[in-house]
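Following: one structure in structure tokens, then a few remarks.
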2 protein chains.
Amino acid sequence: MAETNLQVLLRRRPKGEPVPEDFEIVETPVPEPKEGEVLVRAGYLSLDPYMRGRMAEAKSYAKPVELGAVMEGRTAGEVVASRAPGFAPGDTVAGGYGWQRFSVVKAAGLIKVDSQEAPLSANLGVLGMPGLTAWVGLEDIGTPKPGETMVVSAASGAVGQVVGQIGKLRGCKVIGIAGGPEKCRYVTEELGFDACLDHRGDLDAQLDAACPEGIDVYWENVGGAVQAAVFPRFRDFGRMVMCGVISQYNVAEGADSFGGAPGPNLGPVVRKRLRIQGFIVSDNGWPRYPAFRKQMLGWMAEGRMVWKEDVVQGLRNAPQAFIGLLKGRNFGKLVVQVD
Amino acid sequence: MAETNLQVLLRRRPKGEPVPEDFEIVETPVPEPKEGEVLVRAGYLSLDPYMRGRMAEAKSYAKPVELGAVMEGRTAGEVVASRAPGFAPGDTVAGGYGWQRFSVVKAAGLIKVDSQEAPLSANLGVLGMPGLTAWVGLEDIGTPKPGETMVVSAASGAVGQVVGQIGKLRGCKVIGIAGGPEKCRYVTEELGFDACLDHRGDLDAQLDAACPEGIDVYWENVGGAVQAAVFPRFRDFGRMVMCGVISQYNVAEGADSFGGAPGPNLGPVVRKRLRIQGFIVSDNGWPRYPAFRKQMLGWMAEGRMVWKEDVVQGLRNAPQAFIGLLKGRNFGKLVVQVD
């Protein structure tokens, strides 16, 4: 077979916003699996904001991608060759590695998925890392209770859409925040949030109107001005689940510095007994994946969990799509259909 | 008996720092207990920073003291008359109410204390609300583990001195922060902290030297510049136990506004998986008082828990002592010996 591998490499570390020249697209030979490994052909590649951190030199919670190495990412696809028990050519799997057509991965990192249960790409979103992130963050930190008010930033994004739907399933009043009327319409009409506020408008006034009673749970995907508007509205015993601060990832010094802009005065944390907590799903999330998947598939089968994907065609378009993701240009979970 | 009650009332709400004219000292008749109540003569009155919040009009986690009412506080003293089973004249008790010589309180709020076990005044400090605050905050939020580095602000204060000693008992390296060489010497030599930093000096340089490995647990009593110096030094999975922000209590608008000064950028909360949490001991602390008291008495008997009190003579001096407390002029747990 004359096929080649197609790969997107990190050519240089971005200064501020990534540009296409920070990436390099190359064709290379298809790798071969060793004992215990599996060769996966990607059907879809997941693009996620955390990847901006891996492009920076500074050590964050995970090592940076080395210059000249393939960009980090997860794919879902099909087994082409296997030297590991339990995987055979034709199996559909999640857990392929990198912005590339073919990857060789250890069997331990692969999950066999049933293409009858859900579309392959869903394993990168609602059933994948973003969905697990939503589930774990709410279970461990957000702990939403019936009748509480939850606010979700980046509400139409990969994580936000799942967070808000779980909030509704838990009996909360759920307010989304998104960019523009189209996303907001989707958040209320399709995802079933109680309201969605456009952060391009006067967020203070919209929050006053949407949740005059205050906020019990805030899911933070964004930081910056959205955080500043939400923070003073916490009720006693409010929880701020810090999943990401995408507005800060493109600061000049790279994702690790998170900019110098100050945050809220923390005095009210005492008076209101707030809990502000960050988490990374890879710390303790994956051992809980089977329980998560079972619950999500149940909700999906009942029609109580819907999702939206933004599918970009072709791996060569991944850099531009990723650049757009950091600017909020995607609409729903961003995946690349790998050619 | 010709005795009268001596009371300190709230005459007016302070603007910024309280001044003596905000208080009024009056003599009134000794009150009489009704059925189920006990008349307590105070031996000691506890003065604590939270009282600044009660002087402000704004609702905080508890109702403000009304103008003309006796200032809120807890006393330890002796039962003078009782109409409640279980309490008899001569019993020593903690739980008397207010800045006053005599108080009538419901029996349910009183704790009988053994004057052989500890000095009466200790029931307002190391064995009282401040000690319980330290114990609960570390148990629920700080969760110190052997080998971790703990930083304690207001280290020689009522809560801080207990926090740091528990940290040492839990196997932590403990760094105090206090104001001036005398307090710092006490913190290291008497309380046994590993180091104590003077916040009047260059706190950044001192923190660099004292904990180059970073900080796992920060006990926040202070806010402001101390918080700003500590915050960037958190290690992954660090915990910030927010007990108070005394540097902000005297802002012009009263304790509830907590000033407008911004806080730290919260981006690192995600990357480092930090937990920032506020608490108030009265939320869930008192049901655990017996377990706390037993443990503290054990440590005290073994000489592993020491404490320092700053005893002011005479109730008429309580306003000036409280004004000094908010400026850090006390040295150790501040109590008034009630005449």
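The values are calculated or read from the model by the stated rules, or taken from the named source; none is laboratory data. All values derive from a computational prediction rather than experimental measurement. Heads up, the Cβs are rebuilt from the backbone with ideal geometry, glycines too, and the neighbour counts pull from every protein chain shown. Quick note on the areas: whole protein, heavy atoms, side chains included, nothing else; ligands and nucleic acids left out. Shrake-Rupley method; radii C 1.70, N 1.55, O 1.52, S 1.80 Å.
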Among the residues of the stretch B:241-249, are any in a helix (DSSP H, G or I) and either away from every other protein chain (no Cβ under 14 Å) or touching a strand residue (DSSP E or B) at 6+ places or on another chain (Cβ under 8 Å) (or both)? no
Just name the residue that is nearest to B:F292 (Cα to Cα) out of those in the stretch B:140-155 that are open to solvent by 10 Å² or more (accessible area, probe 1.4 Å) and in contact (Cβ under 8 Å) with a residue 40 or more places away in the chain. B:D140
Matching residues in the stretch A:157-171 (buried (at least 24 other Cβ atoms within 10 Å of the Cβ) and either of a type in the set (D, E) or in contact with a strand residue (DSSP E or B) (Cβ under 6 Å, 6 or more places away or on another chain) (or both)) number 5
Would you please list the contacts, defined by Cβ atoms under 7 Å and residues six or more apart or on different chains, that run from a residue in the stretch B:11-27 that is aromatic (F, W, Y) to a residue that is open to solvent by less than 70 Å² (accessible area, probe 1.4 Å)? B:F23/B:V8; B:F23/B:L9; B:F23/B:L10; B:F23/B:P319
Being open to solvent by 20 Å² or more (accessible area, probe 1.4 Å) and assigned to a loop (DSSP other than H, G, I, E, B) is the filter here; which residues of the stretch A:280-305 pass it? A:E302, A:G303, A:R304
Counted residues in the stretch A:223-252 being in contact with a helix residue (DSSP H, G or I) (Cβ under 6 Å, 6 or more places away or on another chain), at pLDDT below 95 and surrounded by fewer than 24 Cβ atoms within 10 Å (Cβ to Cβ) come to 3
Condition check for A:L326: at pLDDT below 95 and under 24 Å from A:R12 (Cβ atoms): yes
Within the stretch A:39-57, which residues are within 16 Å of the chain's Cα centre (by Cα) and acidic (D, E)? A:D48
What's the number of the condition B:Y218 fails, among (1) surrounded by fewer than 23 Cβ atoms within 10 Å (Cβ to Cβ); (2) touching a residue at least 24 places away in the same chain (Cβ under 8 Å); (3) within 12 Å of chain A (Cβ to nearest Cβ)? (1)
Mind listing whichever residues of the stretch A:1-38 are among the polar types (S, T, N, Q) and either more than 27 Å from the chain's Cα centre (by Cα) or assigned to a loop (DSSP other than H, G, I, E, B) (or both)? A:T4, A:T28
Can you find, within the stretch A:306-339, the residue that is farthest from A:E189 (Cα to Cα) among those that are open to solvent by less than 60 Å² (accessible area, probe 1.4 Å) and acidic (D, E)? A:D310
Quick one: in the stretch A:266-319, of everything that is among the β-branched types (V, I, T) and more than 7 Å from chain B (Cβ to nearest Cβ), which residue is nearest to B:L266 (Cα to Cα)? A:V281
Matching residues in the stretch B:53-72 - criterion: being in contact with a helix residue (DSSP H, G or I) (Cβ under 9 Å, 6 or more places away or on another chain), away from every other protein chain (no Cβ under 12 Å) and not in a loop (DSSP other than H, G, I, E, B): B:M55
So which residues in the stretch B:182-203 are over 21 Å from B:G224 (Cα atoms) and open to solvent by 50 Å² or more (accessible area, probe 1.4 Å), if there are any at all? B:E182, B:R185, B:E189, B:E190, B:D194
Kindly provide the set of residues from the stretch B:114-139 that are part of a loop (DSSP other than H, G, I, E, B) and open to solvent by 10 Å² or more (accessible area, probe 1.4 Å), ordered by number. B:D114, B:S115, B:Q116, B:E117, B:P119
I need the full set of residues from the stretch A:221-237 which are facing chain B (nearest Cβ under 10 Å) and under 15 Å from A:R273 (Cβ atoms), in order please. A:F231, A:D236, A:F237
Exception for A:Q206 within (1) without any contact (Cβ under 8 Å) to a residue 40 or more places away in the chain; (2) open to solvent by less than 10 Å² (accessible area, probe 1.4 Å); (3) away from every other protein chain (no Cβ under 14 Å) falls at (2)
